[in-house]
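Read through the structure below, which is laid out as structure tokens, and then see the notes.
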Amino acid sequence: DAKTTQPPSMDCAEGRAANLPCNHSTISGNEYVYWYRQIHSQGPQYIIHGLKNNETNEMASLIITEDRKSSTLILPHATLRDTAVYYCIVRPNQAGTALIFGKGTTLSVSS
Amino acid sequence: GAVVSQHPSWVICKSGTSVKIECRSLDFQATTMFWYRQFPKQSLMLMATSNEGSKATYEQGVEKDKFLINHASLTLSTLTVTSAHPEDSSFYICSAREGRETQYFGPGTRLLVL
């Protein structure tokens, strides 16, 4: 699986947009970009995923560069409850394959 | 999203005893289930992958005789930690996936071995 690189930590003011970057320069053509987050002492929560087009859902937006070597997760209006570790993971969309977690980005949202 | 439950949410046991953790997919058929563990201030580490009705595939360094995994149905997988020792104390998280669909995670089980 391709590896990803994320900044270890980021800060964001409540109500502002949080933009979390991820580098995945060795991504293969059949690998999707997934984003999960883990709030302290809980299991990871699915946020969004995409292949090459930008994606948006009720939680966030995912912007993938045209060359697919990097992506950005956007939380449009961060709240205190968005404080968590955010993981960017690339994986083929094949049955039976597991998500492999890196160290992620710790996002701290403050008032 | 789909719901995955785990039971118990936390357990304390004596060294040498066995502990069973259940993982259920509540509203979808989990053709594949995964078990992870997480030590304090670390990321999740994949322990094993199991497909319904098949033997689990363990990651390198994970003892299959110590961590017994059973995936007997499309909605239930169990992880049994046999002869638990203090170093097995950790946060165990299961995850489930239906085919090529999104992988969902349970809330985790915190195990403390005294």
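The values are calculated or read from the model by the stated rules, or taken from the named source; none is laboratory data. These numbers were taken from a predicted model, which means no experiment stands behind them. Glycine also receives a Cβ, built like all others from the backbone with ideal geometry; neighbour counts cover every protein chain displayed. Side chains included, ligands, DNA and RNA excluded: accessible areas come from the protein's heavy atoms. Shrake-Rupley method; radii C 1.70, N 1.55, O 1.52, S 1.80 Å.
Data table
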quantity	calculated
Residue match in segment B:79-99 (condition: of a type in the set (A, V, I, L, M), without any contact (Cβ under 8 Å) to a residue 60 or more places away in the chain and either in contact with a Ser or Thr (Cβ under 9 Å, 6 or more places away or on another chain) or open to solvent by less than 40 Å² (accessible area, probe 1.4 Å) (or both))	yes
Per-region count, segment A:69-97, residues open to solvent by less than 30 Å² (accessible area, probe 1.4 Å), within 28 Å of B:Thr49 (Cβ to Cβ) and either out of contact with any strand residue (DSSP E or B) (no Cβ under 6 Å at 6 or more places or on another chain) or part of a strand (DSSP E or B) (or both)	10
Set A:Thr106, A:Thr65: member being exposed (fewer than 15 other Cβ atoms within 10 Å of the Cβ) and either modelled with pLDDT of 95 or more or within 14 Å of the chain's Cα centre (by Cα) (or both)	A:Thr65
Set A:Ile63, A:Ile100: member being touching a strand residue (DSSP E or B) at 6+ places or on another chain (Cβ under 8 Å) and assigned to a loop (DSSP other than H, G, I, E, B)	A:Ile100
Residues (at the interface with another protein chain (Cβ under 7 Å from one of its Cβ atoms) and either farther than 16 Å from B:Val3 by Cβ or assigned to a strand (DSSP E or B) (or both)) located in segment B:84-114	B:Ile93, B:Gly99, B:Arg100, B:Tyr104, B:Phe105
So B:Lys20, is it assigned to a loop (DSSP other than H, G, I, E, B), open to solvent by 30 Å² or more (accessible area, probe 1.4 Å), within 15 Å of B:Thr80 (Cα to Cα) and out of contact with any Pro (no Cβ under 9 Å at 6 or more places or on another chain)	no
Exclusive hit being farther than 26 Å from B:Ser9 by Cα, of a type in the set (A, V, I, L, M, F, W, C) and open to solvent by less than 10 Å² (accessible area, probe 1.4 Å), set A:Ala17, A:Ala60, A:Ala13	A:Ala60
Residue count, segment A:30-47 (criterion: loosely packed, with under 15 Cβ neighbours inside 10 Å and either more than 14 Å from A:Gly104 (Cβ to Cβ) or at the interface with chain B (Cβ under 10 Å from one of its Cβ atoms) (or both))	2
The one condition in (1) more than 13 Å from chain A (Cβ to nearest Cβ); (2) at pLDDT below 95 that B:Thr80 fails to fulfil	(2)
